[in-house]
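Trainee: Sharing a structure here in structure tokens format.
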Amino acid sequence: MLRIYDTLEGRKKEFVPVREGKVGMYFCGMTVQSEPHVGHMRVAVVSDLFKRYLRYKGYDVTLVINFTDIDDKIIEKAGEEGVDYLEIAQRNIDKFMEFLHFLGAEEADHYPRATEFVGEIIKLVERLVERGYAYESGGDVYFEVKKWKNYGKLSKRNLEDLLAGASQRVALDDKKRNPEDFAVWKAAKEGEPAWESPWGMGRPGWHIECSAMSTKYLGEHFDIHGGGTELIFPHHENEMAQSEAATGKPYVNHWVHHGLVNLVGEKMSKSTGHFKTMEEIAAKFPPDVVRFYLLSTHYRTQIEFSDERLEEAASSIERFENLFRTLDRVVGPEGQGDEGAEPSAAMEEERAKFIEAMDDDLNTAQAMGHLFEAVRVLNQEIESGASAEVLRADRRTLRGLLDILGLLKDLETAGEDAPEEVEKLVAARTDARAARDWARADELRAEIEAAGYTVEDTPDGPVVRKAR
RNA sequence: GGCGGCGUAGCCAAGUGGCUAAGGCAGAGGACUGCAAAUCCUCGAUCACCGGUUCGAAUCCGGUCGCCGCCUCCA
């Protein structure tokens, strides 16, 4: 039984799809006023993880990741740079997509942008006004928070707390009836991007686009809505209020919030400039290392991103690389002839535990522990001379589990050919060893290593590969 | 100030009432090896602190200390 945590209820709940056999998921991608950073890598990986696992569980999954390409910040930025706001949006969306691919995440099914849904947004705002939850004021339209009795349920705060906390910060806007009300539609100022609406020229407020776009693709009530924890308030709280007020139905079954990524103890933030871009990370570490690191902690836990952590992940991955390389040597490459045989009992046990861990709110940290155990199982089998049939079956099983996590697809096991001069050194070393001239052999190995390669002696002869 | 979360071995990180507290990185010893590498075997935790509930607590309750997040644009 698959259980997934829900922020709204504050507990893990059994996953029961709204529509049998199907899963609708919506993840808040990014507001595209600036470059994607490490935090966005986590959304990319977490949304992909959910997609892959739910599909593994047999569901037909639809994943929507949105881009909010119109808001105060991007207009501001466009002004600063003197370019069209859509140009900035496109540039950052392109980067996001580039690194999504870098991380080995599958494409989502839809990537809606707020500006493409203004018509839907206007309809939704009209509906809110008709139902008495929103009011027009000077060209703006506000959601009247106190009309919605469930307001605060998601972020677990009440109106009084909110007002107490915000009283010093939120300037009283005389267009609003109440300080806690939020804009669903904003009148455009001179020169700002604007759309025609029943309330004059204007543009969508911040939260409304997600309500409109999620409903468009997934219906008024869908399964999973995700994003970072910092979006719980106000973004998701407001989004939920709008959607439920408009439809009178529950909006989503599982609110999934992943922990934030910190850099040396401090949260990354666009406003303080304290963040690492995806580009900086990608330049330094291979995709699998980043993905492995991101998955080695449970998705709801906040994590710290640092070079040391990534180096550790890289070391961990070597265990898999070494195993697959050895298996290639011992039983040949993956693929042909791997079907048929049943995995060993030890491997089957690890597989079952892996799935059990994943069924418990996608606990990748625990699941990966079993992956390492599976590696040990295979290594033990190799040591004890298990049959090629069993080794192949077990390798295939392990590969299947890695695929669920989208990990290590392109493991380098063959160890591409070393340059000719290195090959010559290796050959010379083999001769020296045959002649039991150990001093010469060691000397040659030193030369090979100086050239950036390592040589390992195996029962099947020396294996050369690039040193890490 | 209000709300939420966290504190598990040198580091990272699972486990939330009961078998010997997963796993990884780093480290030590052993096996294998001409030497290595890889691999296998072995080795490390009074679960922040104090008190309580319980036959039994890392796990539940109360308190203390420390860290983080949200309350304001942000994955």
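The values are calculated or read from the model by the stated rules, or taken from the named source; none is laboratory data. All figures in this text were calculated on a predicted structure; none of them were measured in a lab. Here Cβ is always computed from backbone atoms with ideal geometry, including for glycine, and neighbour counts include all displayed protein chains.
Trainee: Here are A:ILE70, A:ILE4: which of them is touching a strand residue (DSSP E or B) at 6+ places or on another chain (Cβ under 6 Å), part of a loop (DSSP other than H, G, I, E, B) and more than 11 Å from RNA strand B (Cβ to nearest atom)? Break it down stepwise before answering.
Mentor: Details: A:ILE4 fails: part of a loop (DSSP other than H, G, I, E, B).
After applying the criteria, what remains is A:ILE70.
Trainee: Criterion first (under 27 Å from A:GLY400 (Cβ atoms), modelled with pLDDT under 90 and either more than 11 Å from RNA strand B (Cβ to nearest atom) or surrounded by fewer than 16 Cβ atoms within 10 Å (Cβ to Cβ) (or both)) does A:MET25 satisfy it? Outline the logic, then answer.
Mentor: Values: under 27 Å from A:GLY400 (Cβ atoms): yes; modelled with pLDDT under 90: no; either more than 11 Å from RNA strand B (Cβ to nearest atom) or surrounded by fewer than 16 Cβ atoms within 10 Å (Cβ to Cβ) (or both): yes.
Judged against the criteria, A:MET25 is not a match.
Trainee: If you don't mind, there's one more thing I want to ask. Out of curiosity, is A:ARG376 at pLDDT below 95 and basic (Lys, Arg)?
Mentor: Numbers: at pLDDT below 95: no; basic (Lys, Arg): yes.
No; evaluated as a whole, the condition is false for this residue.
Trainee: Residue check: is A:VAL141 crowded, with 20+ Cβ neighbours inside 10 Å, modelled with pLDDT of 90 or more, part of a strand (DSSP E or B) and in contact with a helix residue (DSSP H, G or I) (Cβ under 8 Å, 6 or more places away or on another chain)?
Mentor: Numbers: crowded, with 20+ Cβ neighbours inside 10 Å: yes; modelled with pLDDT of 90 or more: yes; part of a strand (DSSP E or B): yes; in contact with a helix residue (DSSP H, G or I) (Cβ under 8 Å, 6 or more places away or on another chain): yes.
Yes, satisfied.
Trainee: Moving to a separate point now. Could you check the stretch A:314-364 and list, in sequence order, the residues that are under 24 Å from A:ASP410 (Cα atoms), in a helix (DSSP H, G or I) and of a type in the set (A, V, I, L, M, F, W, C)?
Mentor: Residues satisfying the conditions are A:ALA314, A:ILE317, A:PHE320, A:LEU323, A:PHE324, A:LEU327, A:VAL330, A:VAL331, A:MET347, A:PHE354, A:ILE355, A:MET358.
Trainee: Against the definition (surrounded by 15 or more Cβ atoms within 10 Å (Cβ to Cβ) and away from RNA strand B (no atom under 14 Å from the Cβ)), how does A:GLY406 come out, yes or no? Before the answer, list the steps.
Mentor: On the way: surrounded by 15 or more Cβ atoms within 10 Å (Cβ to Cβ): yes; away from RNA strand B (no atom under 14 Å from the Cβ): yes.
It is true that A:GLY406 is surrounded by 15 or more Cβ atoms within 10 Å (Cβ to Cβ) and away from RNA strand B (no atom under 14 Å from the Cβ).
Trainee: Let me ask another. Within 14 Å of RNA strand B (Cβ to nearest atom) and either modelled with pLDDT under 85 or part of a helix (DSSP H, G or I) (or both): is that true of A:GLU279 in this structure?
Mentor: Numbers: within 14 Å of RNA strand B (Cβ to nearest atom): no; either modelled with pLDDT under 85 or part of a helix (DSSP H, G or I) (or both): yes.
Criteria not met by A:GLU279.
Trainee: Please go through the stretch A:46-67 and pick out each residue that is crowded, with 17+ Cβ neighbours inside 10 Å, in a helix (DSSP H, G or I) and in contact with a strand residue (DSSP E or B) (Cβ under 7 Å, 6 or more places away or on another chain).
Mentor: A:VAL46, A:SER47, A:PHE50, A:LYS51, A:LEU54 - these are the residues of the stretch A:46-67 that are crowded, with 17+ Cβ neighbours inside 10 Å, in a helix (DSSP H, G or I) and in contact with a strand residue (DSSP E or B) (Cβ under 7 Å, 6 or more places away or on another chain).
Trainee: So which residues in the stretch A:126-138 are in contact with a helix residue (DSSP H, G or I) (Cβ under 9 Å, 6 or more places away or on another chain) and in a loop (DSSP other than H, G, I, E, B), if there are any at all? Explain how you work it out, then say what you get.
Mentor: First pass over the stretch A:126-138, keeping only residues in contact with a helix residue (DSSP H, G or I) (Cβ under 9 Å, 6 or more places away or on another chain): A:127-128, A:131-136.
Selection gives A:ARG131, A:GLY132, A:TYR133.
Trainee: Mind listing whichever residues of the stretch A:96-136 are within 30 Å of A:ARG55 (Cβ to Cβ), out of contact with any Lys or Arg (no Cβ under 8 Å at 6 or more places or on another chain) and surrounded by fewer than 20 Cβ atoms within 10 Å (Cβ to Cβ)?
Mentor: If the condition is that a residue be within 30 Å of A:ARG55 (Cβ to Cβ), out of contact with any Lys or Arg (no Cβ under 8 Å at 6 or more places or on another chain) and surrounded by fewer than 20 Cβ atoms within 10 Å (Cβ to Cβ), then A:MET97, A:GLU98, A:HIS101, A:PHE102, A:GLU107, A:ASP109, A:HIS110, A:TYR111, A:ARG113, A:GLU116 are the ones that fit.
Trainee: Sort out which residues of the stretch A:7-34 are part of a strand (DSSP E or B) and more than 21 Å from the chain's Cα centre (by Cα), and write them in order of number.
Mentor: A:ARG11, A:LYS13, A:GLU14
Trainee: Sticking with this structure for a sec: Given the conditions (1) closer than 26 Å to A:PRO287 by Cα; (2) surrounded by 12 or more Cβ atoms within 10 Å (Cβ to Cβ); (3) more than 13 Å from RNA strand B (Cβ to nearest atom), and given that A:ARG392 satisfies all but one, which numbered condition is not satisfied?
Mentor: So the condition that A:ARG392 fails would be (1).
Trainee: Given (1) more than 12 Å from RNA strand B (Cβ to nearest atom); (2) closer than 13 Å to A:LEU401 by Cα; (3) out of contact with any helix residue (DSSP H, G or I) (no Cβ under 7 Å at 6 or more places or on another chain); (4) charged (D, E, K, R), identify the lone condition not met by A:GLU339.
Mentor: With (1) more than 12 Å from RNA strand B (Cβ to nearest atom); (2) closer than 13 Å to A:LEU401 by Cα; (3) out of contact with any helix residue (DSSP H, G or I) (no Cβ under 7 Å at 6 or more places or on another chain); (4) charged (D, E, K, R) applied to A:GLU339, the lone miss is (2).
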